[in-house]
There are 2 protein chains.
Amino acid sequence: MNIETPVTAATEDLMANAIRALAMDAVQAANSGHPGAPMGLADVATVLFNRFIRVDPADHRWPDRDRFVMSAGHGSMLVYAINHLLGYDDMDIQQLKRFRQLGARTAGHPEYGHAKGIETTTGPLGQGLTNGVGMALAERMHNARFGDDLVDHWTYVLAGDGCLMEGISHEAIDFAGHMGLGRLIVLWDDNSITIDGSTEISTSTDQPTRFAAAGWHVQSVDGHDKEAIAAAIEAARQDARPSLIACKTIIGFGAPNKQGTAATHGAPLGEDEIAATRDALGWTFAPFQVPEAVRASWCAIARRGAGARAEWQARMNGSDHAEAFRQSLGRPDAKALGAAIGNYKHKLAMDGPKVATRKASEMVLEIVNGTLPNTVGGSADLTGSNNTRTSRMASVKPGDFAGDYIHYGVREHAMAAIMNGISLHGGFVPYGGTFLVFADYARPAIRLSALMERPVIYVLTHDSIGLGEDGPTHQPVETIASLRAMPNLAVIRPADAVETAEAWEIAVTSERTPTALCLSRQGLPTLRRIHSDENLVARGAYLMRAPDTEREVTLVATGSEVALAMEAAEKLAEQGICTAVVSAPSLELFAAQPTEYRARVLGSAPRIAIEAGVWHGWGQILRHGDVFIGMDSFGASAPAEDLYRHFGITSDAIVTDALKLIGRT
Amino acid sequence: MNIETPVTAATEDLMANAIRALAMDAVQAANSGHPGAPMGLADVATVLFNRFIRVDPADHRWPDRDRFVMSAGHGSMLVYAINHLLGYDDMDIQQLKRFRQLGARTAGHPEYGHAKGIETTTGPLGQGLTNGVGMALAERMHNARFGDDLVDHWTYVLAGDGCLMEGISHEAIDFAGHMGLGRLIVLWDDNSITIDGSTEISTSTDQPTRFAAAGWHVQSVDGHDKEAIAAAIEAARQDARPSLIACKTIIGFGAPNKQGTAATHGAPLGEDEIAATRDALGWTFAPFQVPEAVRASWCAIARRGAGARAEWQARMNGSDHAEAFRQSLGRPDAKALGAAIGNYKHKLAMDGPKVATRKASEMVLEIVNGTLPNTVGGSADLTGSNNTRTSRMASVKPGDFAGDYIHYGVREHAMAAIMNGISLHGGFVPYGGTFLVFADYARPAIRLSALMERPVIYVLTHDSIGLGEDGPTHQPVETIASLRAMPNLAVIRPADAVETAEAWEIAVTSERTPTALCLSRQGLPTLRRIHSDENLVARGAYLMRAPDTEREVTLVATGSEVALAMEAAEKLAEQGICTAVVSAPSLELFAAQPTEYRARVLGSAPRIAIEAGVWHGWGQILRHGDVFIGMDSFGASAPAEDLYRHFGITSDAIVTDALKLIGRT
């Protein structure tokens, strides 16, 4: 669909030079930033927007807009310049003048949520590309449910050399090629420059061949030849495969003395070079000044987008699916879910199954997936171990996007970044599984879930030495602590099937916080045998065993160790010692409770915390003199029970420490 | 070099079946483990060892041995079976019978250091492959220094589908192809099976084309055709490029009802299937029984290796380079380094430069690299930002391995895993740089540095919101806490140039602990103006400003925040409040100090800890009622000073909190 916008070479030159001028001026004003990429990519971006992209700045949330991802996020001024020129009302020239200043929407790297028209947060390389894969996948999945009338858009990604060097790019490319994501078009800023200098210093991969090997449609063009760029994009759209267009560009294009060198990458050009660039480009306007004619050309793009949105709205108004479509984009039906989980919790309290929490997770997922139409599951090749697939799920397959279960392959990092992309696209609530210890492989993308406030759900099983024989490479010891340290990530480690159900309710209904569910491999008894309507996990911690008289010691534990604490409490009770047991599935949620509640739960008696991990992060629970029973080294390979004994995490050890702590020895 | 060992097809069949039988018997005995890969790879491994590999079980540290890496670490029984059959004296049949049991050398995955002949710890997929790249690089670098007489060996890697799906594989392949690491031969266990089922579920990459695109020599063979395997390995050795040999194998080969399916991957075959396999293979021996003739065939390999080692030893004895060679494999000369750094500290205390600690790191690296002959630097494409390259360093280049500086490219994960490989190979002390926040990208490999006890050095610059305008994607907030949570990783965040020098001394002379150096982007004053012969950073924390009378408050800070604490202490002193300032560059090293020292440094007065990061991990310093001044959210994009003010990390804020804490408001 080559667009009907009147295109003349001279017009598009001016449109591109407006990007270049704004980029170099803003970086200069900030005395910080990256002019090279926006200047090098200005032609590509101009053609892409002028002739192809459909967005409506008056409705930046229009679901059927095309998605534009600047994966080389350091080139953020490209995005800000374009969004300013398109007329987004929150991106006036003052924002560009305040590039990289406190409170400005124009952060150093594009930050999702800071301004309209920023589809994802980029900067950590390779993430945007992989988010784009998730968006393109979500588009096809949404399309499979609602048809071409309502869902029919494209995902365009601009990626740099760094994006393609990062490992995650392999996972993204491999996955996209396999799935046949034909709605994804990646324009590679092939400028042969990285920070350290020429790409020849560090890579000699033939990128087009690499992409072709993964099943992509591949083209190469001169990234400053607008007709060639347009023809390539057009051809890419005609091909059923995902497309790579290698755009040979000159970094810092237009800066006569610096273009084509690393000097333009990450520093202001300087006043002299900026003046020389103005001369070279024939750009006679003052800093931050854009002539009306050029603005008009950019506004035509916005007008075209508004027209497309109006047509879409008309189709939407006439659609039988309108209500379901709207619901798919809204928050999950918390009321229906709450009722279903409430009933299920009743049953659990009666039945009292002894199951691993990963199995309990599968059990409650049957309820969740049965109640909510738009959960999308998956696993990084550990489906049977993560228990992420429920009975009525169907696999998403190449060319068949009606399913709701994604085989991410052995690609933890891409799984997380693809889930971010799906969540950003809208229409689905994604969850995906791997072993907890391999959260490390996905960590940069988990961080972006948290930073972008996307409620993605991580199902992290085999959550301690309790996984046994696979040994220390597979045993998380520090992983829970490292996840708890991350801002805006809810880490939940349920103790039994009831807590697992409550944890899922929290995760699925979360609006702005991703969740990491830490689940056991080994079977655990149901401890919550008395039904509570309240979601107690939402409190973060609560009394699992209330003291009947004045408590002498409080045991605080999470996950599989709560059962140990309960055993220990029994033994202590036999010795006449009043012991409270606090189950603390989420230290973050507990920290957010009122002080009074926290004090009531924890009491003032000496405390022992028990968790089969490191002590870091327990500082808000433990006071001077309190005791932590956990791990201070990596694990070992042996059956789980042997390991718990070996590392001294047993009910007997708890009893011994408790007696010592209260001076009974 | 096709070896002269007498080879008959029947002999090698028996040798391979011995591996298969031991693998299935051991997994059955453990009732846990992965028989599929060892059984599928038995032919490949037998040919590789019987006809090519040179190792001497009597001297497992022989520097010129070939390196064998089982990257698909779940197939650990392949390694244990081979090492048992080769006659390593610590791998008797009892070890195999105790597979995966507490205290056995035969852990679930191969653990470096647990037994001889295990070259690296594998299990987390893709790591072994990348370690192999590091080993093959180290071999050429060592060869460039000491010649063919002393260094002339091969690195062989067995990699599975999972290894090739992981993102790190791209970084490894790209780097190895670029560098032209012809001594690296990767045998891909192309069995078309992953845990979730057929690889067709999740990938359709043409792997040979992918490797060829990265500059590799590529072949495909039937992985059960021993002559074809041998011919391919021979051809691979003749080619100057790194080689991929795609070995089409049948997972669980020999198990008549299960072979070729995911059922053989990660579970015991079961008694019935094991009996059927014995029948199918014609293996008539009891569990764990290996006939003498088969043992003799394997022992011939060991004999050949012993002969090769004897020849090497003769060359070594006659070599002019013998002493330098030995030194390169030993620990760095701590005495010479100590003297050089001592002199340098004197000078620093006099000069008192105001420099960023990343710059201070470069300054002391001039001393380190000038004193020690075998440090090898590098950066993941941030050389000028990480300040990792000193004046006399030369780049390691394709075909020219005499240099000592490695351009790792935008590949943080591979950098870490390659450094692990270099360290494991021996001969060099590797350090490599990236931004601290991108330690997340490398985290799975950093974890393996720690688990394997390899003293790799991570140079992590731009260590807080102090990096300023690049914004929250680039600002570590939780990263230091997440690294501190990792067992056996020394995290050091120096406050000035003197502490940076001491930190480097600790890092370079560390024997069993990797180090993460967290360094500032922004300039910091030299606070240590009085020379101390003692390495105070080695204490973890010490009094930077001692109280002159009885202290009323203690400020504990790290890195760039120590200067803020010193400023605050001055202001408090002006109000007559006796304030101690503790610089705490390493909480782990401090935790290892005697209780008495810790008590003396910290005192009993109220404490305020200041660090521009999250509070997690400060629990060993802070007591109930003490105060933490730091970050509890992600950062923002703005000049550094604005951010410190915005987030309330200022000397004034410290003063205010101190006054409140001691009841002076």
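The values are calculated or read from the model by the stated rules, or taken from the named source; none is laboratory data. Everything numeric here is computed off the predicted structure, so don't read it as measured data. Every residue, glycine as well, gets a Cβ built from its backbone with ideal geometry; the counts of neighbours run over all protein chains shown. With ligands, DNA and RNA removed, areas are computed over all heavy atoms of the protein, side chains included. Shrake-Rupley method; radii C 1.70, N 1.55, O 1.52, S 1.80 Å.
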Query - residue B:292 loosely packed, with under 15 Cβ neighbours inside 10 Å, out of contact with any Gly (no Cβ under 6 Å at 6 or more places or on another chain), free of Cβ contacts under 8 Å to residues at least 12 places away in the same chain and closer than 30 Å to residue B:21 by Cβ - result: yes
Query raised in the report: Which members of region B:238-272 meet the condition of being of a type in the set (Lys, Arg) and either assigned to a loop (DSSP other than H, G, I, E, B) or at positive phi (or both)?
Result: B:241, B:258
Query raised in the report: If you check residue A:394 against the conditions, is it open to solvent by less than 10 Å² (accessible area, probe 1.4 Å) and among the small types (Gly, Ala, Ser)?
Result: no
Requested in this report: Return the total of residues in region A:639-655 being more than 10 Å from chain B (Cβ to nearest Cβ) and outside any helix (DSSP H, G or I).
Outcome: 4
Query raised in the report: Taking region A:217-237, which residues are open to solvent by less than 30 Å² (accessible area, probe 1.4 Å), closer than 23 Å to residue A:170 by Cβ and assigned to a strand (DSSP E or B)?
Result: A:217
Query raised in the report: From the list A:447, A:454, A:443, which residue is in a loop (DSSP other than H, G, I, E, B) and basic (Lys, Arg)?
Result: A:454
Report summary line: Within region B:413-422, residues of a type outside the set (A, V, I, L, M) and open to solvent by less than 10 Å² (accessible area, probe 1.4 Å) come out as B:420, B:421
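So that you can scan it fast, the table gives a plain yes or no per residue for (1) in contact with a helix residue (DSSP H, G or I) (Cβ under 8 Å, 6 or more places away or on another chain); (2) in contact (Cβ under 8 Å) with a residue 40 or more places away in the chain; (3) under 24 Å from residue B:27 (Cα atoms):
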| residue | (1), (2), (3) |
| --- | --- |
| B:181 | yes, yes, no |
| B:207 | yes, yes, no |
| B:223 | yes, yes, yes |
| B:238 | no, no, no |
| B:241 | yes, yes, no |
Query raised in the report: at pLDDT below 95 and assigned by the TED database to the domain that holds residue A:156 - does that describe any residue in region A:204-215?
Result: yes
Query raised in the report: Looking at A:605, A:599, A:636, A:658, which is the one that is open to solvent by 40 Å² or more (accessible area, probe 1.4 Å), aliphatic (A, V, I, L, M) and not in a strand (DSSP E or B)?
Result: A:599
Report summary line: Selection over region A:255-302 where residues are β-branched (Val, Ile, Thr) and farther than 14 Å from residue A:35 by Cα yields a count of 4
Query raised in the report: Could you say whether any residue in region B:608-623 is part of a helix (DSSP H, G or I) and surrounded by fewer than 21 Cβ atoms within 10 Å (Cβ to Cβ)?
Result: no
Query - Single condition residue A:107 does not satisfy, out of (1) open to solvent by less than 10 Å² (accessible area, probe 1.4 Å); (2) touching a residue at least 60 places away in the same chain (Cβ under 8 Å) - result: (2)
Query raised in the report: How many residues does region A:342-358 hold that are in contact with an Asp or Glu (Cβ under 8 Å, 6 or more places away or on another chain) and under 20 Å from residue A:524 (Cα atoms)?
Result: 2
Requested in this report: Kindly provide the set of residues from region B:58-92 that are open to solvent by less than 10 Å² (accessible area, probe 1.4 Å) and assigned to a loop (DSSP other than H, G, I, E, B), ordered by number.
Outcome: B:62, B:64, B:66, B:71, B:72, B:91
Query raised in the report: Within the group A:105, A:100, which residue is part of a loop (DSSP other than H, G, I, E, B) and more than 9 Å from chain B (Cβ to nearest Cβ)?
Result: A:105
Query raised in the report: Tell me, which helices (runs of 4 or more DSSP H) wholly within region B:118-216 include 1 or more residues that are among the charged types (D, E, K, R) and in contact with a Lys or Arg (Cβ under 8 Å, 6 or more places away or on another chain)?
Result: B:127-150, B:167-179, B:207-213
Requested in this report: Could you tell me whether any residue of region B:401-411 is hydrophobic (A, V, I, L, M, F, W, C) and away from chain A (no Cβ under 11 Å)?
Outcome: yes
Report summary line: Out of (1) within 13 Å of chain B (Cβ to nearest Cβ); (2) open to solvent by less than 20 Å² (accessible area, probe 1.4 Å); (3) hydrophobic (A, V, I, L, M, F, W, C), the one residue A:629 does not meet is (1)
Report task. Determine whether region A:168-185 contains at least one residue that is within 18 Å of residue B:396 (Cβ to Cβ) and out of contact with any Leu (no Cβ under 6 Å at 6 or more places or on another chain). Result -> no
Requested in this report: Might you let me know whether region B:541-552 holds any residue that is within 28 Å of residue B:429 (Cα to Cα) and either of a type in the set (Gly, Ala, Ser) or in contact (Cβ under 8 Å) with a residue 40 or more places away in the chain (or both)?
Outcome: yes
Requested in this report: Take residue A:46 and decide whether it is open to solvent by less than 10 Å² (accessible area, probe 1.4 Å), closer than 20 Å to residue B:474 by Cβ and among the β-branched types (Val, Ile, Thr).
Outcome: no
Report summary line: Over region A:98-122, the set of residues touching a Pro at 6+ places or on another chain (Cβ under 9 Å) and either basic (Lys, Arg) or more than 17 Å from residue A:28 (Cβ to Cβ) (or both) is A:100, A:102, A:107, A:109, A:111, A:116, A:117, A:118, A:119, A:120, A:121, A:122
Query - Single residue of region B:466-503 satisfying the filter (closer than 30 Å to residue A:106 by Cβ and part of a helix (DSSP H, G or I)) that is farthest from the other protein chains (Cβ to nearest Cβ) - result: B:466
Requested in this report: Among the helices (runs of 4 or more DSSP H) lying completely within region A:317-436, list those that include at least 3 residues that are touching a residue at least 24 places away in the same chain (Cβ under 8 Å) and of a type in the set (D, E, K, R).
Outcome: A:357-371
Query raised in the report: Say we look at region A:359-374 and pick out the residues that are open to solvent by less than 50 Å² (accessible area, probe 1.4 Å) and out of contact with any helix residue (DSSP H, G or I) (no Cβ under 8 Å at 6 or more places or on another chain); which of these is nearest to residue A:341 (Cα to Cα)?
Result: A:369
Query - Conditions (1) buried (at least 24 other Cβ atoms within 10 Å of the Cβ); (2) within 12 Å of chain A (Cβ to nearest Cβ); (3) small (Gly, Ala, Ser): number failed by residue B:180 - result: (1)
Report summary line: Residue set B:136, B:115, B:159, B:172; condition more than 14 Å from residue B:422 (Cα to Cα), crowded, with 24+ Cβ neighbours inside 10 Å and touching a Ser or Thr at 6+ places or on another chain (Cβ under 9 Å); output residue B:159
